[in-house]
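Remarks on the structure that follows.
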Amino acid sequence: MYTIVVGVDGSDGSLAALRHALEEARLRGGARIRAVMAWTYPPFALAPAPLGAGVAPVEAMDEAAMAALEDAIAAVGDPDDLHIERIVEMGRAAPVLVELSKDADLVVVGSRGHGGLSGALLGSVSQRVAGAAHCPVLVVPWHG
Ligand SMILES: Nc1ncnc2c1ncn2[C@@H]1O[C@H](COP(=O)(O)OP(=O)(O)O)[C@@H](O)[C@H]1O
Ligand SMILES: [Mg+2]
């Protein structure tokens with residue numbers, strides 16, 4: 001089945017990407033949609049205590065990411081006609097999406113995400129995925 005991987009970090013850009021992935025799936029008469037949220041520990045987490053103390057365990061981070069992914073799906077409206085597979089992965093977003101692109105027909109990302117420099121036209125995740133994916137990449141513009 002035609003498989004669409006969509007990168008979701010909860011930002012408005014990623015919601016636009018998710019909406020576009022749903023549209024694309026409908027145009028194709030259905031598709032497998034895999035909504036992916038990658039997460040990493042902040043840099044201080046690996047520092048010795050007390051700097052790294054109080055950092056949430058992997059399970060808590062994973063659950064928080066799953067909750068954020070669920071919120072993002074709710075924000076665009078979980079459709080009745082399409083099934084959205086939820087994937088939460090520990091790791092940096094670009095390598096995670098590039099790896100999943102091996103079994104995908106299309107990867108969809110927003111041009112911008114949560115972080116980054118406000119002046120940048122294209123986020124670093126979008127750039128890396130566009131350059132390294134194993135299938136075509138669709139970058140949905142977001143210039144909020
Ligand atoms: N942690 C993440 N998990 C999944 N997808 C992500 C993640 N971070 C970014 N993306 C995808 O990449 C797009 C661009 O984000 P990014 O390149 O990080 O730009 P910015 O520098 O503005 O944050 C997002 O709209 C989203 O589709
Ligand atoms: Mg980002």
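A few remarks follow.
- Peptide ranges 61-67, 31-37 listed from the most packed, as the mean C-beta count within 10 angstrom indicates: 31-37, 61-67
- Peptides 83-91, 9-17, 125-133, ordered by how many other C-beta atoms sit within 10 Å of their residues on average, highest first, read 9-17, 125-133, 83-91.
- Distance between modelled label sites at Asp81 and Ser118, nm, 7 Å Cα→Cβ extension: 3.9
- Compactness index (Cα Rg / 2.2 N^0.38 Å), the chain: 1.06
- Rounded to the nearest 500, the 222 nm mean residue ellipticity of the chain from helices alone is -11500 deg cm²/dmol, with -39,500 (n - 2.57) taken per DSSP H run of at least 4 residues.
- Amide H to amide H, with H built 1.01 Å from N, Val140 comes under 5 Å of Val109, Gly110, Ser111, counting only residues 5 or more places away or on other chains.
Each reported figure results from applying straightforward, stated rules to the coordinates on display, with no laboratory input. None of these values were measured; they are calculated from a predicted model. Note that each Cβ is placed from the backbone with ideal geometry, even for glycine, and that neighbours are counted across all protein chains shown.
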